[in-house]
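One structure below.
The values are calculated or read from the model by the stated rules, or taken from the named source; none is laboratory data. It should be emphasised that the depicted structure is a prediction, and the values quoted were computed from it without experimental measurement. Cβ sites come from the backbone with ideal geometry, for glycine too, and all protein chains shown count toward neighbours.
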Amino acid sequence: MSDPILSRRAILQGGGALVVSFSLLPRAAAAAPPLPPALPTRGLPKSVAGDEVDGFLAIGADGRVTVFSGKVDLGTGVKTALKQMAAEELDLPMGAVSIVQGDTGLTPDQGPTYGSLSIQNGGAQIRQAAATARAALLGLAADRLGVPAAGLALKDGAIGGIPFADLLKDKRFALKVDADAPLKDPSRYALVGKSVARIDIPGKVTGRFTYIHDLKVPGMVHGRVVRPPTIGARLEAVDDAAALAMPGVVKVVREGNFLAIVAQTEWGAIKAAEALRPRWSAWAGLPEQDKLWQHVRATRVAKDDVTSAVGDVAAALPQAAKMLVATYDFAIHTHGSIGPSCAVAEFKDGRLTCWSASQMTHALRRQLAAMTGLPTEDVRCIYLEGSGCYGRNGHEDAAADATLLARAVGRPVRVQWSRADEHGWDPKGPPTLIDLKGGLDAAGAIVAWTSEFFIPEGGAGNVPLVAAELAGLPHETALAPGNIVHNSALPYALPNVRTVCHRLAETPLRPSWIRTPGRMQNTFANEAFLDELAAAAGVDPADYRMRLLNDPRGAEVLTRALALAKWESRPSPRAETGGDVLRGRGVSYVRYELYRTYVAGVAEVEVDRATGAIRVPRFVVVQDCGQVINPDGVRNQLEGNVIQTVSRVLKEEVTFDRGAVTSLDWASYPILAFPEVPEVVMELIDRPTEKPWGAGEPAAAIVPSAISNAVFDATGVRLRSVPFTKAKMLEGLRGV
Amino acid sequence: MGQPVSLDVNGRAVSVRSDDPEVPLLYVLRNDLDLHGPRFGCGLGQCGACTVHVDGVAVRSCTTPLSSLRPDQKIVTLEGLGSADRPHPVQAAFIAEQAAQCGYCINGMIMQSAALLARSPNPDDAAIKRELAGNLCRCGTHSRILRAVKRAAASL
Ligand code: FES
Ligand code: FES
């Protein structure tokens with residue numbers, strides 16, 4: 001059974017906020033009343049302060065502890081892991097803890113759920129809040145019992161036989177989270193570090209889990225958006241006579257270039273949308289796809305970010321005995337969620353409630369307030385799990401669509417995007433172009449390294465909402481591709497290095513972050529070019545890296561990956577190149593963002609000489625993300641991350657014409673299918689006494705380069721352009 | 001609201017109505033019968049998220065019009081296979097292997113492999129992969145799914 005969903009009667013009783021009553025909705029949550037549209041007013045409102053214990057924790061009259069998490073489970077299992085962390089500090093069994101996530105009315109703003117930060121940052125905050133609560137409860141029990149706190153222990157939700165709830169009565173903790181509250185000694189952990197089974201899986205495999213797509217709100221009708229055929233087209237006119245004549249149609253909604261239809265049933269809305277006859281202006285503002293890289297190179301640079309500057313590259317490079325120059329590129333990718341985005345919105349008494357699978361409900365709340373002109377306090381955003389999103393996909397945009405439609409028809413509206421809406425209109429991972437130069441001395445050591453990254457400007461802010469853009473309502477204008485400068489600098493000690501990111505003023509398609517944004521593209525270039533230098537030096541690529549690594553934890557993941565892969569030391573490419581299928585292995589290493597998780601891996605590839613097809617039968621990966629909360633959960637993420645990235649590297653590329661995205665389904669944007677999936681061999685290095693670092697993203701960073709390096713080992717051909725299509729491989733093979 | 005149509009869903013006789021007899025079965029199951037096991041992924045028959053059994057055969061409910069179904073055909077959804085308390089062996093194996101991330105594709109994976117095991121109780125890896133080749137998973141849960149199907153086969 002999944003966690004309780006707050007029912008309409010989730011009232012804060014009495015004079016305090018501690019007693020939160022929950023009811024388990026029957027599985028047909030569909031038929032049950034939805035979450036409360038507004039916060040209760042009796043008593044004090046639930047604190048959502050990120051620096052207060054009451055923001056994160058409540059102890060109910062029945063003794064159940066509820067964790068309020070601003071970080072949400074995007075299908076990664078983090079809900080289970082966060083429960084483990086809270087339960088651990090309070091010496092509770094898993095079953096005594098509930099968790100509410102991503103509800104702006106109830107949970108603190110812990111920032112968006114991205115960047116592999118849910119455990120590292122979000123979990124750390126919850127853990128510290130629980131530790132503060134633990135100390136407070138011990139103090140209260142000591143006072144009550146007249147004994148020193150040091151002699152007391154928490155056991156099954158009680159201290160000295162007094163239940164937590166009795167210790168607190170109806171009071172709140174009314175405490176700031178104490179950064180110095182002592183944390184439980186890892187040697188006494190009962191839950192953290194254990195592969196506790198995920199709480200959501202039984203419901204998911206039996207059809208009893210409520211995804212956002214399953215939510216039904218009383219009186220709800222169905223909206224369908226009709227996007228322009230080209231990104232910049234203007235809506236000139238709509239002939240809606242045929243659509244309005246269809247059964248069950250509620251309204252055609254038009255605001256500027258935002259066009260949608262609302263009907264009683266979902267299928268009715270789909271059919272009616274097809275019957276609309278809009279007239280759009282012509283627009284052809286995108287570059288030609290086959291000139292994409294010239295376009296990127298010609299785009300105006302808004303600013304330069306120098307991400308590392310060591311020694312004097314300008315002086316050292318010309319002195320080098322040997323100099324290599326290369327250009328790498330990485331195609332535009334889409335998130336490719338299996339379930340297209342969906343949201344439900346309802347206006348009641350002038351206030352908006354919006355349910356979505358947004359990874360950033362607090363930020364979405366501010367965006368929806370800006371779009372509608374409502375005060376932020378009158379907007380509540382509530383998270384329900386969606387299909388995995390791997391970054392900022394279309395969830396927030398569907399929420400904005402539903403909001404405009406709910407406002408237009410005065411009823412709750414559910415918006416379900418089509419496959420083409422998702423593939424065509426979710427924001428994209430921007431194209432990345434990288435120029436590198438490396439200089440070697442006569443002995444093959446690197447004396448200078450310089451790289452230039454051509455990437456859009458902007459960080460991980462709010463991605464503008466499509467509906468707001470189309471309707472001409474207030475929205476952000478800055479680009480938000482994620483913190484994509486990360487890992488442009490190297491995790492190695494070199495004498496002369498300069499890495500600079502040219503931040504481009506624009507990029508062809510609305511950008512956002514997709515799993516491992518920037519870190520993946522940048523590490524691709526860095527680790528593949530390093531391999532080029534190793535080959536030029538005639539040195540085994542793993543030995544070459546080891547010589548440059550002055551970080552013991554980094555050296556350990558690399559050593560263990562090599563052992564696990566049974567790496568045989570020799571320079572690449574391999575000598576014998578006979579046969580129809582060429583086999584090779586490639587290594588790669590990263591320290592994520594240069595300050596946290598370490599990953600090393602070895603790709604094994606097979607290249608079909610006749611067709612150019614590349615297969616990755618096996619991928620070996622070792623990760624050190626510090627303290628591991630749930631080993632099976634991390635393995636699940638690690639394995640999925642590698643498989644997903646193999647798909648991105650071998651197959652994926654968003655296609656577009658001068659007006660819009662043309663890869664609108666799974667035939668035109670294929671992803672890796674079962675027969676092509678590699679065996680992933682993993683090893684986790686658990687360090688229980690260290691801080692936990694991000695686990696879900698880092699491994700992706702090494703996958704593209706490991707494959708490029710393995711292909712080079714197999715064939716002597718260096719692939720510098722993702723995806724590694726058959727055509728590119730064949731072209732390379734012909735050139736050898 | 002159209003003529004009533006009789007269906008046999010999860011062993012129960014039900015009657016549904018639609019303005020459009022071409023409405024895909026997926027919408028009838030999800031919206032009229034509140035069966036949320038089958039999921040909307042593409043509506044194009046490309047991903048498998050919507051898979052159900054019709055007379056024991058795995059079919060894509062997103063491209064199966066209501067008008068194509070007869071009252072005597074047995075439609076089974078993920079809910080009809082089993083529940084958390086009484087899971088079908090394939091569902092139990094998916095729980096044991098923790099074979100899900102977001103879980104959005106898992107309906108299709110389970111329905112497709114349950115149909116496979118019903119007609120071929122001991123498939124090898126290649127046969128399982130072939131069977132699931134049209135079921136997409138974006139989270140990369142494939143290896144766990146494969147292990148779960150093998151575990152289920154061993155338990156049957
Ligand atoms: S939803 Fe039916 S195959 Fe994709
Ligand atoms: S588990 Fe997310 S799509 Fe398969």
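Number of residues in segment A:451-502 that are under 24 Å from the mean Cα position of the chain (by Cα) and in a loop (DSSP other than H, G, I, E, B): the value is 26. Picking from residues in segment B:106-144 that are closer than 18 Å to B:Gly37 by Cα and more than 8 Å from chain A (Cβ to nearest Cβ), the one that is nearest to ligand 1 (Cβ to nearest atom) is B:Gly108.
Consider only pairs whose beta carbons are under 6 Å apart and that are at least six residues apart or on different chains; among these, list those whose first residue lies in segment A:701-718 and is surrounded by 24 or more Cβ atoms within 10 Å (Cβ to Cβ) and whose second residue is at pLDDT 95 or above and charged (D, E, K, R). Matching pairs, first to second residue: A:Ala701/A:Arg519; A:Ser705/A:Glu527; A:Asn709/A:Asp531; A:Ala710/A:Arg585; A:Phe712/A:Arg718; A:Asp713/A:Arg585; A:Ala714/A:Arg583.
Inspection of segment B:70-83 finds no residue satisfying the criterion of being within 16 Å of ligand 1 (Cβ to nearest atom) and without any contact (Cβ under 8 Å) to a residue 40 or more places away in the chain.
For B:Gly103, the test of being within 9 Å of another protein chain (Cβ to nearest Cβ), crowded, with 24+ Cβ neighbours inside 10 Å, within 11 Å of ligand 1 (Cβ to nearest atom) and at pLDDT 95 or above is failed.
Against the conditions (1) within 15 Å of ligand 2 (Cβ to nearest atom); (2) on the phi < 0 side of the Ramachandran plot; (3) in the same structural domain as B:Arg138 (by TED's automatic domain parsing); (4) surrounded by 24 or more Cβ atoms within 10 Å (Cβ to Cβ), where does B:Ala49 fall short? Just the number, please. Going through (1) within 15 Å of ligand 2 (Cβ to nearest atom); (2) on the phi < 0 side of the Ramachandran plot; (3) in the same structural domain as B:Arg138 (by TED's automatic domain parsing); (4) surrounded by 24 or more Cβ atoms within 10 Å (Cβ to Cβ) one by one, B:Ala49 breaks only (3).
For A:Arg596, the conditions (1) within 20 Å of the chain's Cα centre (by Cα); (2) surrounded by 24 or more Cβ atoms within 10 Å (Cβ to Cβ) are fulfilled apart from (2).
Being within 14 Å of chain B (Cβ to nearest Cβ), farther than 23 Å from A:Gly339 by Cβ, in a strand (DSSP E or B) and not hydroxyl-bearing (Ser, Thr, Tyr), is that true of even one residue in segment A:240-247? Taking every residue of segment A:240-247 in turn, none turns out to be within 14 Å of chain B (Cβ to nearest Cβ), farther than 23 Å from A:Gly339 by Cβ, in a strand (DSSP E or B) and not hydroxyl-bearing (Ser, Thr, Tyr).
Of the residues making up segment B:70-108, those that are assigned to a loop (DSSP other than H, G, I, E, B) and touching a strand residue (DSSP E or B) at 6+ places or on another chain (Cβ under 8 Å) are B:Pro71, B:Asp72, B:Gln73, B:Thr77. If you go through segment A:81-104 one residue at a time, do you hit one that is within 14 Å of chain B (Cβ to nearest Cβ) and part of a helix (DSSP H, G or I)? Taking every residue of segment A:81-104 in turn, at least one turns out to be within 14 Å of chain B (Cβ to nearest Cβ) and part of a helix (DSSP H, G or I).
Out of segment B:22-46, which residues are away from ligand 2 (no atom under 16 Å from the Cβ) and of a type in the set (Gly, Ala, Ser)?
B:Gly43, B:Gly45
Applying the set (1) surrounded by fewer than 23 Cβ atoms within 10 Å (Cβ to Cβ); (2) under 27 Å from A:Thr353 (Cα atoms); (3) of a type outside the set (A, V, I, L, M) to A:Gly102 leaves exactly one unmet item: (1).
Residues in segment B:115-156 that are of a type in the set (A, V, I, L, M) and assigned to a loop (DSSP other than H, G, I, E, B) were compared, and the one that is farthest from ligand 2 (Cβ to nearest atom) is B:Leu156. Determine if segment A:184-201 includes at least one residue that is hydroxyl-bearing (Ser, Thr, Tyr) and touching a helix residue (DSSP H, G or I) at 6+ places or on another chain (Cβ under 9 Å). Among the residues of segment A:184-201, at least one is hydroxyl-bearing (Ser, Thr, Tyr) and touching a helix residue (DSSP H, G or I) at 6+ places or on another chain (Cβ under 9 Å), which makes the answer yes. Would you say A:Arg172 is within 11 Å of another protein chain (Cβ to nearest Cβ), of a type outside the set (Asp, Glu) and in a loop (DSSP other than H, G, I, E, B)? No.
Restricting the first member to segment B:102-121 and to residues that are over 24 Å from A:His335 (Cα atoms) and acidic (Asp, Glu), and the second to residues that are within 13 Å of ligand 2 (Cβ to nearest atom) and part of a helix (DSSP H, G or I), no beta-carbon pair is closer than 8 Å while six or more apart or on different chains. Scan segment A:327-334 and give yes if some residue there is buried (at least 21 other Cβ atoms within 10 Å of the Cβ), more than 16 Å from ligand 1 (Cβ to nearest atom) and assigned to a helix (DSSP H, G or I), otherwise no. No, that holds for no residue.
Among the conditions (1) part of a loop (DSSP other than H, G, I, E, B); (2) over 31 Å from the mean Cα position of the chain (by Cα); (3) modelled with pLDDT of 95 or more, A:Ser187 misses just one, which is (1).
Considering only segment B:3-25, state which residues are within 15 Å of ligand 1 (Cβ to nearest atom) and within 9 Å of chain A (Cβ to nearest Cβ).
B:Val23, B:Pro24, listed by residue number.
Among residues of segment A:396-424 that are of a type in the set (Phe, Trp, Tyr), those with a beta-carbon under 7 Å from a residue that is part of a helix (DSSP H, G or I) and more than 16 Å from ligand 1 (Cβ to nearest atom) at least six positions away or on a different chain give the pairs A:Trp417/A:Ala398.
From the list A:Arg648, A:Arg658, the one residue that fits, being at pLDDT 95 or above, away from ligand 1 (no atom under 16 Å from the Cβ) and out of contact with any Gly (no Cβ under 8 Å at 6 or more places or on another chain), is A:Arg648.
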